[in-house]
Structure formats: C-alpha cells, structure tokens
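The structure appears right after this line, and notes come after that.
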C-alpha cells in the first residue's frame, strides 16, 4: 500500500527546509521505501546574491586631477540578473555617482554609452558596459574612451561631481583616449559569473580611431550558479549517493518566475533507514550541496511511502 504525505511545515525564511510530522511514532523496518511524488514551486532563487558570493566588483576611475588613481566598489543588490539587467543597473549606479558626461551637440563623437537612451543635451553617457556576446558564448566588457579634459572649449557640456565620487576627465594624450578599468576580485564567485579571471581588466588607453576596448570572457561564464536542485530526505539511506539522503534531483527548465512542476512518471524508490520516527525533513540544495535561498514560499510537496506490511510497525 502507498501513502501520500503532503502536509509539510516550512522551516525558516530560506524556503528550502520543510518538516513532516507523523500522527504518531512510526517504526520502519528494513525494506521500507519512500519516493518523491510531486514537487511544485516557483523558479524564484536569485542568481546574484551575497550568499553566492558573486555580487561585488570594483572599477578604477579618475580623480580630481584626471589621473586614474581611484578604485570604487560596486555591490549588486540580490536578484536575478541577465547581463542586460546588470548593465542597466550599472548604468544607473554610475550616473548616481556622477561618473558620466553629457554632450551639447551630436556634431562631435559621443564617447561612452547611454544604455540605449536617445540623445538629448541631458542624456548621460557612461564608460563601462556589460553585454552578452552570443557568437562567442561569452560575456563582453566594453571600456569606452573618456573625452579629454579642456578648461574651455570641451566637447562635453558637463560631468558629474557627486560627493565622495568627484572626478575630472583625463588630460589629453596624443592619439589616445584614456579609459577606466574593471577589477574582478579574487576569492569570490563574481569571476565565474562573468567568465573572467580575477584581476584588473583593461589597458587604460584606446586609440582615437578605436574609441573603446572590448574584452571577452576567459572561460565559459556561469550565469546561473544553481545548475540542478537536490531533494534530500532526512530518513533516507540511498547507497548510490553521497549524501545518502538524496531522493531526487532536477533542473529548472522554465523562465525565471515561472512555475516548476516536478512529477516523475515512475517513482524512484529510496530505502528508509530502519528506526522509529516522529517526523522527517525535506531540504533543497544546489548541485554542490550548498544552501539555496528561494524567494517564493508557495509550493506543493508530496512524498509517497511504501507501506508494505513487512516494512512498518
């Protein structure tokens, strides 16, 4: 006989640990088995978080004398980011810090990127850009040349001067524009997210004909750290896995924010460790058995128990 178990209690704010309480103590003998019957919940675990250690990097920028001496840290709010999403966030953050210029006319070369905004005399142009390069299955970083400083007759009409982030465009170098640099920290997973080795990226200069420096990932990026989700059951004794509590695994095959429905056509029975139980827990972990954080608590979990007469008391 099979019995469904679906009245699970959510344990904690991560929405990844659940408890099932038996009506009374159950004694499982050797041969008792359990399987996942159904699991439904929303794809709502962010790909960039402090927990994933992939939410921070730095950039080198110009000081009040126009020299590349400043290093500023960027901390990305937890969320799900494509490279386009991250680039939009970066654009707004750079604008908030005053690290942009505006141009009075389009008759001169408009250095930088407006992140798709149409030109106007108040449109802000920044000098770092993050994009997907589908052709090379890479992330592409673009370091745009910064217009040269001029006390009078400058091609730009204004540059930001926010408190704590004050700067000035760099002094002209013949045939060159200077650029900022991106700093990928070591000891974190932001390197994996972009696919770049840790270190300082960029030469700091581009020719006046090239206008920008484009950099492609050193290795295949890991845009989504959670490649698969492991379902663990505290009662289980799976001799074919480590840890032995594994009962099922699956990958998200829907868009972010959509419902994930896991309903195996054939139940995958796993042995229960013999003993007496008042309750058991279900836990969701990533493929490396690391903790996950799921935003949406709405879910359905159904486990099925093989209640053979010879396996339970």
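So that you can scan it fast, the table gives a plain yes or no per residue for (1) under 23 Å from residue 140 (Cα atoms); (2) in contact with a strand residue (DSSP E or B) (Cβ under 6 Å, 6 or more places away or on another chain); (3) in contact (Cβ under 8 Å) with a residue 40 or more places away in the chain:
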{"residue": "9", "(1), (2), (3)": "no, yes, no"}
{"residue": "15", "(1), (2), (3)": "no, no, yes"}
{"residue": "26", "(1), (2), (3)": "no, yes, yes"}
{"residue": "49", "(1), (2), (3)": "yes, no, yes"}
{"residue": "52", "(1), (2), (3)": "yes, no, yes"}
{"residue": "70", "(1), (2), (3)": "no, yes, yes"}
{"residue": "85", "(1), (2), (3)": "yes, no, no"}
Scan of segment 87-125 for residues that are assigned to a loop (DSSP other than H, G, I, E, B), under 21 Å from residue 177 (Cα atoms) and either touching a residue at least 60 places away in the same chain (Cβ under 8 Å) or assigned by TED's automatic domain parsing to the domain that holds residue 293 (or both), ordered by number: 98, 99, 100, 109, 111
Restricting segment 95-125 to residues that are touching a helix residue (DSSP H, G or I) at 6+ places or on another chain (Cβ under 7 Å) and closer than 20 Å to residue 148 by Cβ, which is surrounded by the most Cβ atoms within 10 Å (Cβ to Cβ)? 124
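Please indicate, with yes or no, whether at least one residue in segment 243-265 is more than 28 Å from residue 298 (Cβ to Cβ) and not in a strand (DSSP E or B). Steps first, answer last, please.
As a first pass, look at segment 243-265 and keep what is more than 28 Å from residue 298 (Cβ to Cβ): 244.
The next check asks that each one be not in a strand (DSSP E or B); those that pass are 244.
Yes, segment 243-265 has at least one match.
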How about segment 126-154: which of its residues are farther than 19 Å from residue 67 by Cα and touching a residue at least 24 places away in the same chain (Cβ under 8 Å)? 129, 130, 131, 132, 133, 136, 137, 138, 139, 140, 141, 142
Complete set of residues in segment 173-209 that are under 12 Å from residue 141 (Cβ atoms) and in a loop (DSSP other than H, G, I, E, B): 179, 180, 195, 196, 202
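Take the conditions in contact (Cβ under 8 Å) with a residue 24 or more places away in the chain and in the same structural domain as residue 135 (by TED's automatic domain parsing) and apply them to residue 284. Does it pass? Steps first, please.
Details: in contact (Cβ under 8 Å) with a residue 24 or more places away in the chain: yes; in the same structural domain as residue 135 (by TED's automatic domain parsing): no.
No: the conditions fail for residue 284.
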Please find, within segment 126-149, the residue that is nearest to the chain's Cα centre (by Cα) out of those that are crowded, with 22+ Cβ neighbours inside 10 Å and not in a strand (DSSP E or B). 127
Could you check segment 28-47 and list, in sequence order, the residues that are in contact with a strand residue (DSSP E or B) (Cβ under 9 Å, 6 or more places away or on another chain) and not in a strand (DSSP E or B)? 29, 30, 31, 32, 43, 45, 46, 47
Residue 204, sole failed condition from (1) buried (at least 20 other Cβ atoms within 10 Å of the Cβ); (2) in the same structural domain as residue 74 (by TED's automatic domain parsing): (1)
Under the condition of being farther than 12 Å from residue 100 by Cα and crowded, with 17+ Cβ neighbours inside 10 Å, which residue from segment 153-175 is nearest to the chain's Cα centre (by Cα)? 170
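Could you grab me the full set of residues in segment 48-61 that are surrounded by fewer than 20 Cβ atoms within 10 Å (Cβ to Cβ) and touching a helix residue (DSSP H, G or I) at 6+ places or on another chain (Cβ under 8 Å)? Quick ask: steps written out before the conclusion?
To start, the set of residues in segment 48-61 that are surrounded by fewer than 20 Cβ atoms within 10 Å (Cβ to Cβ) comprises 49-51, 53, 56, 58, 60.
If the condition is that a residue be surrounded by fewer than 20 Cβ atoms within 10 Å (Cβ to Cβ) and touching a helix residue (DSSP H, G or I) at 6+ places or on another chain (Cβ under 8 Å), then 53, 56 are the ones that fit.
The values are calculated or read from the model by the stated rules, or taken from the named source; none is laboratory data. Only a predicted model underlies this, so the values are computations on that prediction, with no experimental measurement involved. Cβ sites come from the backbone with ideal geometry, for glycine too, and all protein chains shown count toward neighbours.
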